[in-house]
Amino acid sequence: MTVHTVRSLADQVGGVVLGPGAEAAITGINDLRSAGPDQLSFLANAKYEALARESRAGAILVTGKDAEKLTGTRIRVESPSQAFAKIAQLFAPPPVRDEPGIHPSAVIAPDAVIGEGASIQAHAVISAGVKIGAKVVIGANCFVGERSLIGDDTRLYPLVTLRERSVLGARVIIHSGAVIGADGFGYDLQNGKHVKIPHTGYVQIDDDVEIGANTTIDRGRFGRTHIGEGAKIDNLVMIAHNVTIGAHSIVVAQAGISGSTSLGRYVTLAGQVGLAGHLHVGDKAVLTAQAGVSKDVPAGAILSGHHAMPMRESLKIEALVRRLPELVERLKELEDKIRSLS
Amino acid sequence: MTVHTVRSLADQVGGVVLGPGAEAAITGINDLRSAGPDQLSFLANAKYEALARESRAGAILVTGKDAEKLTGTRIRVESPSQAFAKIAQLFAPPPVRDEPGIHPSAVIAPDAVIGEGASIQAHAVISAGVKIGAKVVIGANCFVGERSLIGDDTRLYPLVTLRERSVLGARVIIHSGAVIGADGFGYDLQNGKHVKIPHTGYVQIDDDVEIGANTTIDRGRFGRTHIGEGAKIDNLVMIAHNVTIGAHSIVVAQAGISGSTSLGRYVTLAGQVGLAGHLHVGDKAVLTAQAGVSKDVPAGAILSGHHAMPMRESLKIEALVRRLPELVERLKELEDKIRSLS
Amino acid sequence: MTVHTVRSLADQVGGVVLGPGAEAAITGINDLRSAGPDQLSFLANAKYEALARESRAGAILVTGKDAEKLTGTRIRVESPSQAFAKIAQLFAPPPVRDEPGIHPSAVIAPDAVIGEGASIQAHAVISAGVKIGAKVVIGANCFVGERSLIGDDTRLYPLVTLRERSVLGARVIIHSGAVIGADGFGYDLQNGKHVKIPHTGYVQIDDDVEIGANTTIDRGRFGRTHIGEGAKIDNLVMIAHNVTIGAHSIVVAQAGISGSTSLGRYVTLAGQVGLAGHLHVGDKAVLTAQAGVSKDVPAGAILSGHHAMPMRESLKIEALVRRLPELVERLKELEDKIRSLS
């Protein structure tokens, strides 16, 4: 167990201890509600002041302004949340060690190239023609298909599937259960049967992309499905064949993007959003949770709803929909009055 | 093949045979529509009486009341559905045997502790510092990360991923493809780049929880993501970092819960529900299928719709929405009348 | 690298070269926007004519009618898209070779039957009583549970889980991460606890079905969950216990089907559709993206929306909902007029 005094923690973040407990032992961190006398917490937002006042925390990180409102042991800092994040690292459990080298149970094709310092873990399978960069981690039970290329410092957590000819940049992170490069969903109806269209393309994932657990990214029909630099994809997202995700875009959990749709840069898709195929979503557009989109989205737009429309309009209309019972009442009253008038 | 007579089945459930076929051979069970002369079926709900009358089943489990309405061979019991479930067990195929011991192809860290009677199956990987209780089953190709703790009689079906420091209680069931403990989805935007926020917390799953296939439960940022005792989670559900699911809650397939949201006890989320982050859903609240929730939900509430509202209100408003064409007609008529009046 | 001349490609598809570049070297294919001088593209839809005019492609496949509207090198054919698909195969990378035989790292039960020419790949696990047909491919790290039956020419991509007693036809394709045969989601509430209902049924998948990545299909409670011949299921789909999918139906990504619901033949469920349990969807019915369905759907119907209704009605009502602000204005005006009249 890691133990620090309140004073030593304050020193680590350039803070000043206020109140009685500078020498108290702190063994961990927690939120204001849950923290006990041996834990540190923080107050970053004035609306939690009451919580801070009642907190049993051994010490609370606060701004100069908030420091005056509290009694008890405080550490005055410029940014409580940044200081808290820094202290959190001190108490963080040791990270998992990724032993460099190839685990004896891994199956590696004779012609695969494995970079220096790479860690290929138990039961991983590396197919023919694969090239893996330096310090790459391939987790247990992963599958890397033929002729895939993986850049330096990229990490596949356990049980990732990377189908043939995938191209990954550097510092990519792929979480467990993700499937990269499965066939796109496409058929020709011939004599009452859906005949499979071959998908001979591939998936390209650029530097610094992160892909969530159990997300699926299908390969292109001819060309590529492309995830641009720095994009971040959450869990259980569906990205269909030939989709393009622009650099630094964010796709939240359970969103789905149909074939050949392209997202610009810094786009945000919130959770459970659905996009039809062959659309373009402009730079910095935002689609709120559960939105359904069947038309192009202009850059910078903020759209909501099942038939996605501008969020302001959507909120206004939603409010009127809720007032429908009242509106119908008013309509009836008018009808009565007219009847009595005529 | 298992064969019973109608009479011997009746004896098993304390039932009385009515009609001609007491000595007929029964080799299996089926629903009223599909059952043949060598199969047993049941009538538990009066609305299926017509189906029962036309059924080809060799015998039908019925209540005393329904027994009079049918001819053919019947078994009169108090609860046809409970009797049927009991008889179903007689015809159930033998369960899969889970050989106790460690399969020679499994990779086990030298310091891992494996409880008595545990079954560690082919190609499973058990990391350093793991403690596994008695009679635990770890299915083929599972990964158990460093320092994870697994209580007695818990079962991981094949291809489950349990990341480091997960804590599982007793009698937990995790279905194939589930990913427990992947990093939460959190970034700081710095100079136009999304910088990853470390997620050093963990996932805690209490006794008697069941987790569906391909469901993902992310680890906490600092503290834990917590699934309370007896909660049941279906397939393809997304549970984000620091979420709390209260005891005995039900989360149906493809629902998604954003970061730091907490559910009380006995909450029900139906299929494809989406919850925003930092919310609280009170005890016994119910969210109907595809509901979208962006505000706290009081205990006991039943909410529906994309902008979740009380189900009664939702149904009323939905009915009025469908009447909009008529309401617009009435509005037009009023306008005409006013015009003629003035 | 594969190189063809424009003329040789034209010959392959029975086309006629128009324009100057018959002898130009073509090394690949691409869409009109991205194609360079050494790539072939195609114009199949008149609305992309402007793109074709500006394209840098070395040659463009066109119909006789469109050929006259363009300059540059063209190949005149009857069906540009079919010709393009044929030529795409010429440039397709060599397919992955699936070495027949059993990889030494695979774990095969002594009594499992493996058909002629089957390829059982690295770290696959084949349980007791399994029967695998001729030329079947079981990918790396797959799990095949006890007594499962797999027909000829069927393929499981890496990391598929097939639980016990699954029955697969011939030429079935199952993509990575799919979980076939996990327990259905069913409990009895007894004394405040959800008691698990045993699911002793199985999953049957008929000939020529394709199942997408990370899709889950639960086993039946007693009988079977059944996917009919030629049905195509996309990624991340949830199919619950005892569901029936009729032959040649299409289920797009992230759709969910609750327990015991049956789909007829040639049904289409678009992305993110949700169906309640115990429903029937008639032949050739179509549910558009994100539709929510809680009632039976007649054959041939096209339904839309969260409370699914006929698409025409849905579009009309949606248009009126968007006009609510205007309708409320008109209502107010009428009220004012009445007030002044009376």
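The values are calculated or read from the model by the stated rules, or taken from the named source; none is laboratory data. Values in this document were obtained by computation on a predicted structure and should not be read as measured data. Heads up, the Cβs are rebuilt from the backbone with ideal geometry, glycines too, and the neighbour counts pull from every protein chain shown.
Worth pointing out:
- From the list A:Ala85, A:Ala52, A:Ala57, the one residue that fits, being farther than 30 Å from C:Arg97 by Cβ, touching a Pro at 6+ places or on another chain (Cβ under 9 Å), modelled with pLDDT of 90 or more and of a type outside the set (Phe, Trp, Tyr), is A:Ala57.
- Residue selected from region C:16-42 under the condition surrounded by 19 or more Cβ atoms within 10 Å (Cβ to Cβ) and in contact with a Leu (Cβ under 7 Å, 6 or more places away or on another chain), by the criterion nearest to A:Ser262 (Cα to Cα): C:Leu32
- For region A:257-274, taking the residues that are within 19 Å of B:Val293 (Cα to Cα) and within 10 Å of another protein chain (Cβ to nearest Cβ), the one that is surrounded by the fewest Cβ atoms within 10 Å (Cβ to Cβ) is identified as A:Ala270.
- Applying a threshold of 6 Å to beta carbon distances and a minimum spacing of six or more residues, or different chains, the list of pairs starting in region B:86-99 at a residue that is surrounded by 13 or more Cβ atoms within 10 Å (Cβ to Cβ) and ending at one that is of a type outside the set (Val, Ile, Thr) and assigned to a helix (DSSP H, G or I) reads B:Ile87/B:Leu9.
- Given (1) within 12 Å of chain B (Cβ to nearest Cβ); (2) without any contact (Cβ under 8 Å) to a residue 60 or more places away in the chain; (3) in contact with a strand residue (DSSP E or B) (Cβ under 7 Å, 6 or more places away or on another chain), index of the condition C:His248 fails: (1)
- Which numbered condition B:Ile239 fails, given (1) within 14 Å of chain C (Cβ to nearest Cβ); (2) of a type in the set (A, V, I, L, M); (3) under 15 Å from the mean Cα position of the chain (by Cα): (1)
Matching residues to (1) charged (D, E, K, R); (2) within 25 Å of the chain's Cα centre (by Cα); (3) away from chain B (no Cβ under 14 Å); (4) on the phi > 0 side of the Ramachandran plot:
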| position | (1), (2), (3), (4) |
| --- | --- |
| A:Val130 | no, no, yes, no |
| A:Ile138 | no, yes, no, no |
| A:Ile150 | no, yes, yes, no |
| A:Gly184 | no, yes, yes, no |
| A:Val195 | no, no, yes, no |
| A:Pro198 | no, no, yes, no |
| A:Gly201 | no, no, yes, no |
| A:Thr225 | no, yes, yes, no |
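- Of all residues in region C:56-83, those satisfying the criterion of being crowded, with 23+ Cβ neighbours inside 10 Å and free of Cβ contacts under 8 Å to residues at least 60 places away in the same chain are C:Ala57, C:Gly58, C:Ala59, C:Ile60, C:Leu61, C:Val62, C:Arg74, C:Pro80.
- Members of region C:131-161 found to be farther than 26 Å from A:Ala109 by Cα and crowded, with 24+ Cβ neighbours inside 10 Å, listed by number: C:Gly145, C:Ser148, C:Ile150
- Of the candidates B:Leu43, B:Leu32, the single residue that is more than 16 Å from B:Gln89 (Cβ to Cβ) and touching a Phe, Trp or Tyr at 6+ places or on another chain (Cβ under 9 Å) is B:Leu32.
- When B:Thr71, B:Thr5, B:Thr63 are checked against the criterion of being among the β-branched types (Val, Ile, Thr) and within 32 Å of the chain's Cα centre (by Cα), B:Thr63 stands alone in meeting it.
- Matching residues, region B:277-318, being within 11 Å of chain C (Cβ to nearest Cβ) and of a type in the set (A, V, I, L, M, F, W, C): B:Ala289, B:Ala291, B:Leu315, B:Ile317
- Residue in region A:105-123 that is away from chain B (no Cβ under 11 Å), crowded, with 24+ Cβ neighbours inside 10 Å and on the phi < 0 side of the Ramachandran plot present: yes
- Scanning region B:324-342 for residues that are within 8 Å of another protein chain (Cβ to nearest Cβ) and either more than 10 Å from C:Ile338 (Cα to Cα) or part of a helix (DSSP H, G or I) (or both) gives B:Leu324, B:Pro325, B:Leu327, B:Val328, B:Arg330, B:Leu331, B:Leu334, B:Glu335, B:Lys337, B:Ile338, B:Leu341.
- Being assigned to a strand (DSSP E or B), among the polar types (S, T, N, Q) and within 14 Å of chain C (Cβ to nearest Cβ) holds for only one residue in B:Ser81, B:Ser41, B:Ser34, and it is B:Ser41.
- Test: residue in region B:205-219 that is out of contact with any Asp or Glu (no Cβ under 6 Å at 6 or more places or on another chain), more than 26 Å from C:Gly274 (Cβ to Cβ) and modelled with pLDDT under 95: no
- Candidate set from region A:290-318 (those that are in contact with a Leu (Cβ under 9 Å, 6 or more places away or on another chain) and among the small types (Gly, Ala, Ser)); member that is surrounded by the most Cβ atoms within 10 Å (Cβ to Cβ): A:Ala291
- Of the residues making up region A:261-306, those that are on the phi > 0 side of the Ramachandran plot and touching a His at 6+ places or on another chain (Cβ under 8 Å) number 3.
- Restricting B:Ile75, B:Ile87 to those that are outside any helix (DSSP H, G or I), of a type in the set (A, V, I, L, M, F, W, C) and farther than 30 Å from B:Ile138 by Cβ reduces the list to B:Ile75.
- Among the residues listed as A:Gly277, A:Gly230, the single one being touching a Lys or Arg at 6+ places or on another chain (Cβ under 6 Å), outside any strand (DSSP E or B) and either surrounded by 22 or more Cβ atoms within 10 Å (Cβ to Cβ) or of a type outside the set (Lys, Arg) (or both): A:Gly230
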